[in-house]
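The values are calculated or read from the model by the stated rules, or taken from the named source; none is laboratory data. This one's a predicted model, so the numbers in the text were calculated from it and none came from an experiment. Quick reminder, even Gly has a Cβ in these numbers, built from the backbone with ideal geometry, and neighbours come from all protein chains shown.
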Amino acid sequence: MFFAGLAGALLIGWFGLPAALYERIEQPLQFSHALHCGEDGVGMSCEDCHAFADDGRFVGIPGIENCAMCHEEVMGETESERRLVEEYITPGREIPWLVYARQPDNAHFPHAPHVVLAELPCARCHGPHGETTELRPFERNRLSGYSRDVWGPSISGLGTEPWEGMKMSDCCACHKKHQVVESCLDCHK
Amino acid sequence: MDRQVTRRGFLALLGGGAVGTVFSPLPWKLLDDAAIWTQNWSWLPRLPRGEVRTHASHCTLCPAGCGISVRTVGGEPFGISPIPGHPLSGGALCPLGFAAHHMAYHPCRLTDPIRRVRERGPLAHVPIAMSEAISEARAWIGAAGGKGAVAVLDARPERVISTLYRWLLEPLGGVYVAAPGGEASFDALDEMLIDPPGPVGLDLAAARTCLSFGAPLLDGWGSPGALPGDVHIIQIETRPSRTALHAGRWLRLHPGTEATLALGIAHVILAEGWANEPLLRERGADFATYRQLALDLTPARTAELTGIGEGEIRAAARRFAQEGPSLALAGTDPGGGPLPREAQLAVWGLNLLVGSFGPPGGIVRRRAPAAPRRRLGDLPDRSIQLLLLDPSVTEAAFPWSLVARKLAGDQAKVISLSPYDAGMALRADLVLPAPAPMETRDEVTAPATAPADALALSRPLRRPPKGVLPVGEMLRQLAGEAAGFDYEALLREKVAAIEASARGSVYEPATGESTPLSGDLTSALEEGACWVDERPAAWPLPEFRLLGGGADARERMRRAVFERPNDAGLVLMPWGWRGAAGAGALPQVAAKLYRESHLRGEADSARIHPETGRSAGLRDGGRARLGTPAGFREVVVAFDAAVLPGVIHVATGPANSSFGDVEPVLGGLVDLCRIDESGSWRLTPVTVGEA
Amino acid sequence: MDRGILVRGADRAPLSRFGLWLLPWIALLAFGIYGAYACFAYGLNQTNMDNRFAFGLWIFLDLTVIALGAGAFFTGFLLYILKRKELKDVINSAVVLGFICYSGAVAVLVVDVGQPIRAWFTFWHPNVHSMLTEVTFCITCYLIVLLIEYIPIVLKNRRLRQIPAFLVFEFELHKLMIVFAALGTFLSFFHQGSLGGLYGVLHGRPFAYREGFAIWPSTFFLFILSAIAAGPSFLILITRLVSRITGKRLVGAGVYDLLARISGWLLAVYIFLKSLDTLIWLNRTAPAVGFLGYDFYTQPSFGTWILFAEIIIFGLLPAFILTNAKRRRKPAWLVTGALLTCLGIAVNRYVMTIQTLALPTLSFDPFLQYSPSWQEIAAFLLVVAYGVILFSFSYRYLPLYPREKELGALKAPSP
Amino acid sequence: MKDHRVGNLRFGMAIDIDRCTGCGACMMACAVENNTSVPPPEAGDRRGLTWIRVYRVDNGKPYPENRTVYFPVACQHCDHKTPCVPVCPQNAVDIDPQNGIVSTIPERCLGCRYCMAACPYHARYFNWWDPVWPKGMERSFNPDVSPRMRGVVEKCNFCHGRWQAARAQAAAEGRRDFREGDFVPACVEACPVGAMTFGNLLDPGSEIYRLIHGPRAFRLLERIGTQTKVYYLSDHAWVRALGDKLPEGGAHG
């Protein structure tokens, strides 16, 4: 009996919990990073779309006019490109992307110090996102409302990959490793 | 036995479950998420996201026309800061200006027209459709027959909008009226000068000495707080205003004796021969009379009447006459109301004596001709059947009775164009929603006190709510879509005219430099530039009447000067801050300056000298009941050793309701005040009792 | 009907009477719960605290209650460590009292903080420099200790004793009592002290700031002393109150005498050191940071009289009464002395909390006053009612006073 | 407490009392910049949220001897023996070792208010009410400062939102250092008479360095030894005397 209970609890904890905790939401539109920036793709670089504004702010998700630069009208034959042009570019609507790496309001993450000064590659925190051929569903934590990527894909929180987890503890760990002098206001606004 | 086993088994199951749970992420993950939730729970407002941009523009909250740089996130303004070195504001911005973008969300904000239904209570109203409102307004306008039956009250003339008002009035034989009050009143000056060479301005920046008769130079004169140049201020004011407290010299004169002191100073100037008498005699129709009046008023007598020491009077007079260029200003804070006519004449007159007309640092001429306007006081009583209030009148602080006595009884209608149902809009039977700051392109002209004309734009930086029309468009519809009622076109014409004149200079906020006007002004203004007219050459001293017009001019001045306005009893003197003197809507955060810190006098807070207070049976921080023939009002008492005994200075606003978290109230303290024949409400005998 | 579970041998009032006695307290409890609910639902604007009076009635009374609760650990210390066997008579009631005081105080603190759901962060991200962390940790641990000490008393209930397992468990626990007594003593010393340190370390508040040894300001030690001086006095008061209400001689006369003697002498020592400390503070500590001693006492409501009252009326006087055998044997004197001692502690805690915040620090600060709102009072009455009810139950069903039987009635038949 | 100062950057402010006209622009700019909520009317002046608060102080004398000045008081950012830092039980308050900004992190705060009792400058404010804003106004919030919830303490952080933005910009330009004018807090930018100066107290070339080492400089409650980084300037002895607690007070909030 003891082991039955043990097994049951373990099952619930390891598999029931994630299923119950996260709600999966499909992205409004499909997008293939591989197609755009892979060497077998158009060969764009991350910075072509995810750039810094002149005041040092990271623009993050590019605006629709950015897509319009190439996709003024349909070039390929993919369904999502057609939708891109018809539903967003032509009417000039922004795409309501669901951002995997979105931090909460009270956290401030400046890209410039990490990308420009520390010269971290995007993949260090975002993983091989740039090589994906399609956008996985956004997983929203029902309790905290955050993206699953903040905690990391593995429910145990003990990710094996360096980019797993974008919690405060993950930031601090890296800062500690590189002897970055810390204070609350570095990252909290 | 079995039961024993199953029970034990059950316990074992639980035990296993417990152990398993501990070794599963469940408790830890949930604990962590719960912790995160408590730090950022869902009913906390979410921050806006989007690209952050900065735009140069101008503030339209008051006539000062301060240059501002506006930060927007995703097309929504979130931060306002002053533009250093701006020609109109000199890098300053008043407290309210910093929260101008909050006004769009003021709880009193109107997005639909409202019709007053007074039978359900003084402020009860119902929302109606814009089309319905317009047609109703037009019906009222049509119904108002006869010359002067329709009037427009505007606190900021000289704008394109003012032209549209005139066009609207023309076919109706209506009158365009400048709202009473404001810091500087040039009415008396206009009256003094026989055919003046156009409108005048004040060149305070270049002055070295300034005799300010109550002008709130540091409380909101032009751009609040920022006083250009290093002018020595002699503040002549009864109230310990911040200007008085920070002036080079403060003369605390008895209430209502400004005329006396001004003429007393004139006495010293004339007696000691500082004035250019031959010229004055040649130009001044009534100089001899004036001179005699002044000489009759000995410094001793002046000192006795005004309560200012003889020495002080002589010192002030000498400094004013010797340390030129110098200016004498007849101005008051917007709550205090204008000085009486005679006082204004006496004060402006001082400038004539020392030759401050024309040269830099004095009273200078401005280029653009002033459009004709009437004074409210000059209209016959009970003559107006339909009154239209410009948005700029919403926050005005004059006593409503000034207007009410001109309205033709109860059937007279009042229509207010206003973004908020607050302040003067509460008096209107129909309120048409006007855009809030930064919602439409708006025009900024030089304040009346500026030395030269100017033109700049307030740029549309956020989308106005659905159904809210620009003021120009509303006027077009009120005029029955008459031809030519095109605000934008008129504005372009105005700019084009300036371009054509190729006069003046353009200040570019981007570079912070002024360059002579050349070529395309329109696009420059669109980018937040500010055009400033060049100064006309000094002008010859025009003909003038020091005592003003009228057969009894001398007698009136004599009375004003030699009779002490109030001999016994307490006097009530209202006062208010620029932009916050009336009961108009204010940004909610302005509550920080009033409720949360008492830095500024909240509505109905009274400053009284401790002795006066105690003898009236009041205590510091207590409440008092003020009574005048016009009614009663409760005020909060604050003892202040700097206040003149016998005087009660009561702040006119803002009322608690202006911050939007309380129900608006009709009428303010000024409605208790006595209004003299020249339309001044500065002094009112008052009775005080403990509340 | 509850005869079967009443304390064996001791006679208790019929259940109906007991219920009647509880009724008003339950009403009070309900009122208190309502007050506390208001604070949770609408926020702390329900109180009359403000940005200057960051602490109010609650903190003041918490400090007092915790000081009075010191009787628990101190009696335990005397009994188990110093082997003062005569205290067996009161140890049980002392433990219950202590538990009531501490749990009550913690309950009020939960209402007092702005974000109770985040209060546990103190254990997650503790700041070891903070006296408040020390307090939080010690009080939490000590509350657990008190709970453990409470258990055997509960198990002594005659119905529960019939379960063999419990009997064994209780016996085992008893052998451990000395350990818990020691632990409790250790913890209590620290948090009583830290509560004093709470204010002593505020160098921004020269009225409260005290110099000291190492990281501990003098108030750290004064609070310990005053607490262990007041604890026994409080125990005396409560025991006498109970025996007056129940009309029973609950403990041997020697117990009162011993408690009073301890209380008296400790108080004497405390007052001596307190006076010394006050002199140093007025003449050295405060002036050194630009605050003049007499300036603290210029406010009408906080004149020098408060200092006088604290040291003479509530200090020397009770010490004078309790240290003398003849006087403390007279019940009237005994009660007066004990009462004054407890009140003295209250005054001291009041001065440290309220007066500290009322006094201006900046030269252009006004002197401010504060009076609690009904919600604040209600939330505290909640604790009082809770205490009375819990104690009543304990008295009715648990052997709080082991020698109650043999000592028998006071004189009048028991109510 | 150990001295944790790192590097040669110490943010500080100098406020010229003789220039301040008490207009309140600093208070408004501050409230807007930091998305400060407005408590209901019953909050009065004792339960408000004014990160910077201007006090009216006069010498209590009648005209013509009467003198009045205005004292803008924000967090003084004590550099030494910072009263609020060691008392916080859960590290919600810390002092940035790199620039000396004393910060408060509301999302860590449990609302025990011990730090408020510790602060002699009354620079800390508690959210006695749930923050409420007019409908839809969160759209015009400053995106760089997170709003606070009920039951937590907040105070001036030298406009940390601006500091973070400035630092990001500097990083984008490839530099780590702070240069004069990289950023100033909203209040300093707002002051219409230029009475407030902000900068690096340790930079001998800076304007603020010159001011705080001049004869006009003084600090509030200097003798408590908190080494505040907000300095005040005045020519008048009676004003400078206000820095220390005076036996006779002579003050009117």
Kindly indicate whether any position in segment A:52-66 is in contact (Cβ under 8 Å) with a residue 60 or more places away in the chain and of a type in the set (Lys, Arg). no
Scan segment D:134-156 residue by residue and report those that are facing another protein chain (nearest Cβ under 7 Å), touching a residue at least 24 places away in the same chain (Cβ under 8 Å) and either closer than 20 Å to residue C:54 by Cα or touching a His at 6+ places or on another chain (Cβ under 9 Å) (or both). D:145, D:146, D:149, D:151, D:152
Criterion (in the same structural domain as residue B:665 (by TED's automatic domain parsing), at pLDDT 90 or above and under 16 Å from residue B:96 (Cα atoms)) met by exactly one of B:585, B:624: B:585
Residue under question is residue D:102, and the condition is that it be within 11 Å of chain C (Cβ to nearest Cβ), of a type in the set (Val, Ile, Thr) and buried (at least 23 other Cβ atoms within 10 Å of the Cβ); does it hold? no
Just checking, which of D:220, D:202 is of a type outside the set (Ser, Thr, Tyr), surrounded by fewer than 20 Cβ atoms within 10 Å (Cβ to Cβ) and in contact (Cβ under 8 Å) with a residue 60 or more places away in the chain? D:202
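From the list B:542, B:509, pick out the single residue that is surrounded by 13 or more Cβ atoms within 10 Å (Cβ to Cβ) and outside the structural domain of residue B:161 (by TED's automatic domain parsing). Give the steps one after another, and end with the answer.
Values: B:509 fails: outside the structural domain of residue B:161 (by TED's automatic domain parsing).
Of the residues listed, the single one that is surrounded by 13 or more Cβ atoms within 10 Å (Cβ to Cβ) and outside the structural domain of residue B:161 (by TED's automatic domain parsing) is B:542.
Taking the conditions exactly as written (assigned by TED's automatic domain parsing to the domain that holds residue B:663 and either within 30 Å of residue B:277 (Cα to Cα) or of a type in the set (Gly, Ala, Ser) (or both)), does residue B:551 satisfy them or not?
no
For (1) within 21 Å of residue C:332 (Cα to Cα); (2) within 14 Å of chain D (Cβ to nearest Cβ); (3) β-branched (Val, Ile, Thr), each residue gets a yes or a no:
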site: C:259; (1), (2), (3): yes, no, no
site: C:272; (1), (2), (3): no, no, no
site: C:291; (1), (2), (3): no, yes, no
site: C:306; (1), (2), (3): no, no, yes
Tell me, please, whether a residue that is of a type in the set (Gly, Ala, Ser), over 19 Å from the mean Cα position of the chain (by Cα) and within 14 Å of another protein chain (Cβ to nearest Cβ) can be found in segment A:63-75. no
Would you confirm whether or not segment D:234-251 contains a residue that is assigned to a helix (DSSP H, G or I), touching a Ser or Thr at 6+ places or on another chain (Cβ under 8 Å) and of a type in the set (Asp, Glu)? no
Given the conditions (1) within 13 Å of chain C (Cβ to nearest Cβ); (2) closer than 30 Å to residue B:247 by Cβ, which single one is not true for residue D:62? (1)
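Here is a yes/no grid of residues against (1) part of a strand (DSSP E or B); (2) over 24 Å from residue D:95 (Cα atoms); (3) within 18 Å of the chain's Cα centre (by Cα); (4) away from chain C (no Cβ under 14 Å):
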{"residue": "D:161", "(1), (2), (3), (4)": "no, no, yes, yes"}
{"residue": "D:167", "(1), (2), (3), (4)": "no, no, no, yes"}
{"residue": "D:183", "(1), (2), (3), (4)": "no, no, yes, yes"}
{"residue": "D:194", "(1), (2), (3), (4)": "no, yes, yes, yes"}
{"residue": "D:214", "(1), (2), (3), (4)": "no, yes, no, yes"}
{"residue": "D:220", "(1), (2), (3), (4)": "no, no, yes, no"}
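Is it the case that residue B:316 is more than 24 Å from residue B:542 (Cα to Cα), in a helix (DSSP H, G or I), free of Cβ contacts under 8 Å to residues at least 40 places away in the same chain and of a type in the set (A, V, I, L, M)?
Values: more than 24 Å from residue B:542 (Cα to Cα): yes; in a helix (DSSP H, G or I): yes; free of Cβ contacts under 8 Å to residues at least 40 places away in the same chain: no; of a type in the set (A, V, I, L, M): yes.
Against the criterion (more than 24 Å from residue B:542 (Cα to Cα), in a helix (DSSP H, G or I), free of Cβ contacts under 8 Å to residues at least 40 places away in the same chain and of a type in the set (A, V, I, L, M)), residue B:316 does not qualify.
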Please work out if residue B:618 is out of contact with any Gly (no Cβ under 6 Å at 6 or more places or on another chain) and modelled with pLDDT under 95. yes
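From the residues in segment B:48-74 that are among the aliphatic types (A, V, I, L, M) and touching a Pro at 6+ places or on another chain (Cβ under 6 Å), which one is nearest to the other protein chains (Cβ to nearest Cβ)? Let's see the steps before the verdict.
Let us first name the residues in segment B:48-74 that are among the aliphatic types (A, V, I, L, M), namely B:52, B:56, B:61, B:64, B:68, B:70, B:73.
With touching a Pro at 6+ places or on another chain (Cβ under 6 Å) added as a condition, the list becomes B:56, B:64, B:70, B:73.
Working: B:56: 15, B:64: 11, B:70: 11, B:73: 5 Å.
The extreme case among them is B:73.
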Could you tell me which residue of segment B:26-40 is farthest from the other protein chains (Cβ to nearest Cβ), considering only residues that are over 56 Å from the mean Cα position of the chain (by Cα) and surrounded by 18 or more Cβ atoms within 10 Å (Cβ to Cβ)? B:29
Across segment C:369-415, which residue is surrounded by the fewest Cβ atoms within 10 Å (Cβ to Cβ) among those that are within 22 Å of the chain's Cα centre (by Cα), modelled with pLDDT of 90 or more and of a type in the set (Ser, Thr, Tyr)? C:392
Which of the residues spanning segment C:117-134 are of a type outside the set (Ser, Thr, Tyr), at the interface with another protein chain (Cβ under 8 Å from one of its Cβ atoms) and free of Cβ contacts under 8 Å to residues at least 60 places away in the same chain? C:117, C:118, C:119, C:121, C:124, C:125, C:126, C:127, C:129
Counting only residues in segment A:17-43 that are surrounded by 15 or more Cβ atoms within 10 Å (Cβ to Cβ) and part of a helix (DSSP H, G or I), the one nearest to the other protein chains (Cβ to nearest Cβ) is identified as A:17
Which numbered condition in (1) farther than 28 Å from residue B:173 by Cβ; (2) at pLDDT below 90 is the only one that residue B:521 fails? (2)
Spans of helices (runs of 4 or more DSSP H) in segment C:1-97 with at least 3 residues within 16 Å of the chain's Cα centre (by Cα) and surrounded by 22 or more Cβ atoms within 10 Å (Cβ to Cβ): C:57-68, C:71-76
For segment B:75-136, list the strands (runs of 3 or more DSSP E) that sit wholly inside it and hold at least 3 residues that are more than 7 Å from every other protein chain (Cβ to nearest Cβ); which are they? B:114-116, B:125-127
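State yes or no: is residue B:45 within 7 Å of chain D (Cβ to nearest Cβ) and either within 16 Å of residue B:419 (Cβ to Cβ) or surrounded by 24 or more Cβ atoms within 10 Å (Cβ to Cβ) (or both)?
Numbers: within 7 Å of chain D (Cβ to nearest Cβ): yes; either within 16 Å of residue B:419 (Cβ to Cβ) or surrounded by 24 or more Cβ atoms within 10 Å (Cβ to Cβ) (or both): no.
When the stated conditions are applied, residue B:45 does not pass them.
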Residues (out of contact with any Phe, Trp or Tyr (no Cβ under 9 Å at 6 or more places or on another chain) and either more than 8 Å from chain B (Cβ to nearest Cβ) or aromatic (Phe, Trp, Tyr) (or both)) located in segment D:43-59: D:52
Hey, among the residues in segment B:649-668 that are aliphatic (A, V, I, L, M), touching a residue at least 60 places away in the same chain (Cβ under 8 Å) and surrounded by fewer than 23 Cβ atoms within 10 Å (Cβ to Cβ), which one's farthest from the other protein chains (Cβ to nearest Cβ)? B:666
